[in-house]
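*Asks:* Here it is, the structure in full.
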Amino acid sequence: MKNKITFISIIYCLSSISIYFIDFESIVKNNSEYIIHILNFFSSIRFDFLLFENELEIPLAEEGGYRIIPLNTIIFTIILLIGSLLYFISKEKKTRLLRLSMLFFFIAKSVHLFFLLVNITESIRTYPFLTLYYIFIDIFWLFLTYKALVYLNSLKELIPVEIEATKSEIKTNSTERVSAREIMNQSLENKKVKQIPFEKASLGNRILNYLLDTFFVILIFSPYIFGLAKSREYRDSINELGSEIGENVVFLLFIAIARVIYYLLSEGIFHVSPAKALTETKVLSTSEQKLNFTTIAGRTFIRLIPFEAFSFFGKNGWHDELSNTTVVKNKQEENTKIFSILFLLAIFIASIINGIWDKI
């Protein structure tokens, strides 16, 4: 499986990067548009930070001509390539960047597929074959990414800790005889949560997860949020809603919806978000019931409670306490968390600054 994941990832990355250096104008002039659609099989995901479309303009040989390259997309593809190489060279020990990239890719492709299906009625009338072709591409890559993530997650082990054995206190009347079955039933009723024999994530990890996941949500969903705001179908409705409750409130509403989708696609399926993949943590159930999608859905919607993020400065956060879940640490074969985070932040901040500079 290691060789398959590495090989497919490298082929995808190299093909995806090379697409931006192909002369598509010559292909169109030669009536060979089908080549473009074939190459789009390896097209990467597109994401921006808010309205800052970070693009590089490379002059062409023709006077006045230039090629536009989405810098954020190139950065993501390079991170995926580096993560794949580290994973292979380390013999499956270094997986931070690879899991992060694949979770990022899985969420972005899922959202892209959703919008393809939303517009399928209109597009399939005009381009039936191409519509089905591009839907197949998304499903194909989603399937491969899902299989790879399931395998990569199976390599992870939690950090065990010793727990103190506790005896359940059973209140009974000394004059009454109580059967062993009644004592057992009462004990199970009183026991709402179980002790977790694994090391929990620190407050620092939790704060870092929150900040990184929020940043990733904005990166993934910005093109779709502002795309909807500019579209002819939804522009008037969004502007009308903005005039009633305020543009900032509308934006925060979109971000809230995006956060729900983000966590349902990552934690709901894999029990780990992109930020948690980077910090080597995961969600675990604290009840006797096995962690499932419904529990994650409840945990995710609890996040929408105002000021819920500050609840972690207490004993437990609300979306942990109310959903009977917690976040625990994975064993870390390599101590590269700080370097991975600084590496990501450095390139993304540089990318954002470049995008802001182009707007000035």
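The values are calculated or read from the model by the stated rules, or taken from the named source; none is laboratory data. Since the model is a prediction, treat every value here as computed from it, not as a measurement. Cβ coordinates were reconstructed from backbone atoms using ideal geometry, including for glycine residues, and neighbour counts include every protein chain displayed. When the accessible area is computed, the model is the full protein with side chains, heavy atoms only, and any ligands, DNA or RNA have been set aside. Shrake-Rupley method; radii C 1.70, N 1.55, O 1.52, S 1.80 Å.
*Asks:* Condition check: aromatic (Phe, Trp, Tyr), at pLDDT 90 or above and surrounded by fewer than 13 Cβ atoms within 10 Å (Cβ to Cβ). Does Phe105 satisfy that?
*Replies:* Here the answer is no, as Phe105 does not meet what is asked.
*Asks:* Leu265 - would you say it is in contact (Cβ under 8 Å) with a residue 24 or more places away in the chain and farther than 23 Å from Val161 by Cα?
*Replies:* Yes; evaluated as a whole, the condition is true for this residue.
*Asks:* Tally time: how many residues in the range 283-319 are in contact with an Asp or Glu (Cβ under 6 Å, 6 or more places away or on another chain), open to solvent by less than 20 Å² (accessible area, probe 1.4 Å) and over 13 Å from Asn209 (Cβ atoms)?
*Replies:* Count: 1.
*Asks:* Can you tell me which of Thr294, Thr281, Thr300 is within 28 Å of Leu155 (Cβ to Cβ) and free of Cβ contacts under 8 Å to residues at least 12 places away in the same chain?
*Replies:* Answer to the check: Thr294.
*Asks:* Would you mind listing the helices (runs of 4 or more DSSP H) fully within the range 173-282 where at least 2 residues are at pLDDT 75 or above and open to solvent by 80 Å² or more (accessible area, probe 1.4 Å)?
*Replies:* 203-230, 235-245, 247-270
*Asks:* So which residues in the range 76-97 are assigned to a loop (DSSP other than H, G, I, E, B) and open to solvent by 10 Å² or more (accessible area, probe 1.4 Å)?
*Replies:* Once the filter is applied, which keeps residues that are assigned to a loop (DSSP other than H, G, I, E, B) and open to solvent by 10 Å² or more (accessible area, probe 1.4 Å), the range 76-97 yields Ser90, Lys91, Glu92, Lys93, Lys94.
A quick yes/no check of all residues on (1) modelled with pLDDT under 90; (2) over 19 Å from Leu219 (Cα atoms); (3) in contact with a Phe, Trp or Tyr (Cβ under 6 Å, 6 or more places away or on another chain):
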site: Phe7; (1), (2), (3): no, yes, no
site: Ile11; (1), (2), (3): no, yes, no
site: Arg46; (1), (2), (3): yes, no, no
site: Phe49; (1), (2), (3): yes, no, no
site: Glu55; (1), (2), (3): yes, no, no
site: Leu85; (1), (2), (3): no, yes, no
site: Ser90; (1), (2), (3): yes, yes, no
site: Lys93; (1), (2), (3): yes, yes, no
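*Asks:* Moving on to the next point. Is it true that Glu333 is modelled with pLDDT under 85, open to solvent by 40 Å² or more (accessible area, probe 1.4 Å) and more than 21 Å from Leu152 (Cβ to Cβ)?
*Replies:* When the stated conditions are applied, Glu333 does not pass them.
Per-residue answers, yes or no, for (1) over 26 Å from Asn72 (Cα atoms); (2) over 14 Å from the mean Cα position of the chain (by Cα):
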{"position": "Glu199", "(1), (2)": "yes, yes"}
{"position": "Phe216", "(1), (2)": "no, no"}
{"position": "Arg232", "(1), (2)": "yes, yes"}
{"position": "Ala256", "(1), (2)": "no, yes"}
{"position": "Leu264", "(1), (2)": "no, no"}
{"position": "Asn292", "(1), (2)": "yes, yes"}
{"position": "Phe301", "(1), (2)": "yes, yes"}
